[in-house]
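These notes concern the structure reproduced below.
Throughout, read-outs are computed from the coordinates displayed, never taken from laboratory work. Note that the structure is predicted; figures quoted are calculated from it, not measured.
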Amino acid sequence: MLKITTIRSGQTRIREHQDILRYIGWAINVMSILAISAHWGGGFMAVLAACILTLALPPLAAVFAFFAAINTWGWPWYVALMVFLWPVVFIILGVGALGSVYLMMRHKMRNGGPSMREPYDETIDVEYEVVDDKKDGH
């Protein structure tokens, strides 16, 4: 009987990174539940409502947690932003990078490169000859 085993060395490293990101995500969810429930006065109903909000509408819960961390816990706005609304930070940075690339390309087109509005000054002359492949009689 022949037994074949496969060794995948890179899979364990990927799985470890996924586990770490999963734990960070759960920690952020727990922190948002704590922040929202503390802002709403604590108690069982506040924790239950914060859990439902966090599980049902995570983006809205992140915004609530952002403001709750600022108002209830006294966090600086930039710390609360990086903890609870970090995807918004990446989106803003990405849009800013795309906007700057767009403006740079637009500036380059206006000042030195070929303009998109004006046609090129070069004309292309194409010379061609029509050749008939048909022989007489066929």
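So here's what we get for this one:
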quantity: Length gained when the stretch Arg22-Ile52 is fully extended (0.36 nm per residue, less Cα-Cα span); calculated: 8.9 nm
quantity: At q = 0.10, 0.11 Å⁻¹, base-10 log of I(q)/I(0) for the stretch 15-111 (Debye sum, equal scatterers on each alpha carbon); calculated: -0.38, -0.44
